[in-house]
Amino acid sequence: MKRIASIYLFAILLFLSPVFLYGQGGPKIAYKDYIEKYREIAVRKMHEYKIPASITLAQGILESGSGKSALAVNANNHFGIKCHKEWTGMTYTMDDDEKNECFRKYASPEESFDDHSFFLTSRPRYAGLFALDIMDYRGWAHGLKSAGYATNPKYAEILIRIIEENELYLYDNPSKELFADKTPKKTKENKEKTSDQAIARALELNPSRLTFVEIYDGNRSIYMNNGVKLIFARAGDNIHTIAKDFGVHAFQIQKYNELGKNEPIAEGQAIYIVPKKNKSKEGSHKLSNGETMRDIARFYGVKLKSLYKINGLQSGHEPEAGTTIKLKK
């Protein structure tokens, strides 16, 4: 990892020079593409682990050469993390400080981002960073350098310049609104497709009403929709693992979410940890193709049986696309 940062120092300094930066636009485009591709992951990890998204993105850009290094391409390793004695996963060998060094290999870039977060939160030498304000990207940059993340004497300055040139600090807003608009104003594409909207679509929830509440034991992030607390499932979650983490019974999780007896839970699925409401503040919803009554109940944080009652429908009936579903009496 340390040598990788040095390897890209010359390239980064070249990228940041006025002639190159504003000449052909090569690195600017590379940075922009990388940010567009991974900003959603960085923001999610920020809420899970309390590491500024700007720092994560800047380190990813620097350590992976904007995702184009051999390590990033061949091993999905965006942060140059070596195997270390505790690593039991896949590996990738390449020359670094020494010949044929062992680096961690991941199944996807997101796994690399997740491991980077765990790497920083699990090592005592980085503990002091978490006492800093989440928006103090300068303090984080200098702290990473002081803690030995990289040997390059200019490491902090390079991270800071990447952050400021690309306005990455806009992603660090700790507002309780989970996905408040942190879109850099200079990027037209970002205005048209914000990370808020993209993540909300993936989570099947309305970003305008989704708010961050707190980090629970085990780094479980709790959010609020329609005044109802929920989480987003991790890989391998089921009603039993979720119930155990929040001190409730499995049948309660099953009931709150209208889940089938043996229905699997998908990673990223919205799971309510308390009963949903009997109605929504919003008036109605027009069914789209493929939407079910349970989808609407999950989206608005309303009990499924209440939706059927409000609309005078028999339980289990699925109205046709185009039908207007009332969300309150």
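The values are calculated or read from the model by the stated rules, or taken from the named source; none is laboratory data. Everything quoted here is computed from the prediction, not taken from an experiment. Here Cβ is always computed from backbone atoms with ideal geometry, including for glycine, and neighbour counts include all displayed protein chains.
Evaluate the following for Arg294: is it of a type in the set (D, E, K, R) and within 30 Å of Asp172 (Cα to Cα)?
So Arg294 does not fit the description; no.
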>> Name the residue that is modelled with the highest pLDDT, counting only residues in the range 143-167 that are more than 16 Å from Glu63 (Cα to Cα) and surrounded by 18 or more Cβ atoms within 10 Å (Cβ to Cβ).
In response: Gly143
>> Could you list, ordered by first residue, the pairs with Cβ atoms under 7 Å in which the first is in the range 87-112 and at positive phi and at pLDDT below 90 and the second is surrounded by fewer than 14 Cβ atoms within 10 Å (Cβ to Cβ) and of a type outside the set (A, V, I, L, M, F, W, C), at least 6 apart or interchain?
In response: Asn100/Thr93
> Any idea which residue in the range 18-48 is surrounded by the most Cβ atoms within 10 Å (Cβ to Cβ), counting only those that are modelled with pLDDT under 90 and of a type in the set (Phe, Trp, Tyr)?
Replying inline: Tyr31
> Are any of the residues in the range 303-317 in contact (Cβ under 8 Å) with a residue 40 or more places away in the chain and of a type in the set (Phe, Trp, Tyr)?
Replying inline: no
>> Please pick out the residue among Gly60, Gly67 that is without any contact (Cβ under 8 Å) to a residue 60 or more places away in the chain, within 21 Å of Ile158 (Cα to Cα) and part of a helix (DSSP H, G or I).
In response: Gly60
>> Test of understanding: among Ala141, Ala156, which residue is part of a helix (DSSP H, G or I), touching a residue at least 40 places away in the same chain (Cβ under 8 Å) and over 17 Å from His84 (Cα atoms)?
In response: Ala141
>> Take the conditions modelled with pLDDT of 90 or more, of a type outside the set (A, V, I, L, M) and under 30 Å from Leu120 (Cβ atoms) and apply them to Asn219. Does it pass?
In response: no
> Restricted to the range 74-98, and to residues that are surrounded by 11 or more Cβ atoms within 10 Å (Cβ to Cβ) and hydroxyl-bearing (Ser, Thr, Tyr), which residue is nearest to Asp115 (Cα to Cα)?
Replying inline: Thr91
>> With the requirement that a residue be buried (at least 24 other Cβ atoms within 10 Å of the Cβ) and either out of contact with any helix residue (DSSP H, G or I) (no Cβ under 8 Å at 6 or more places or on another chain) or not β-branched (Val, Ile, Thr) (or both), what does the range 49-65 give you?
In response: Pro52, Ala53, Ser54, Leu57, Ala58, Gln59, Gly60, Leu62, Glu63, Ser64
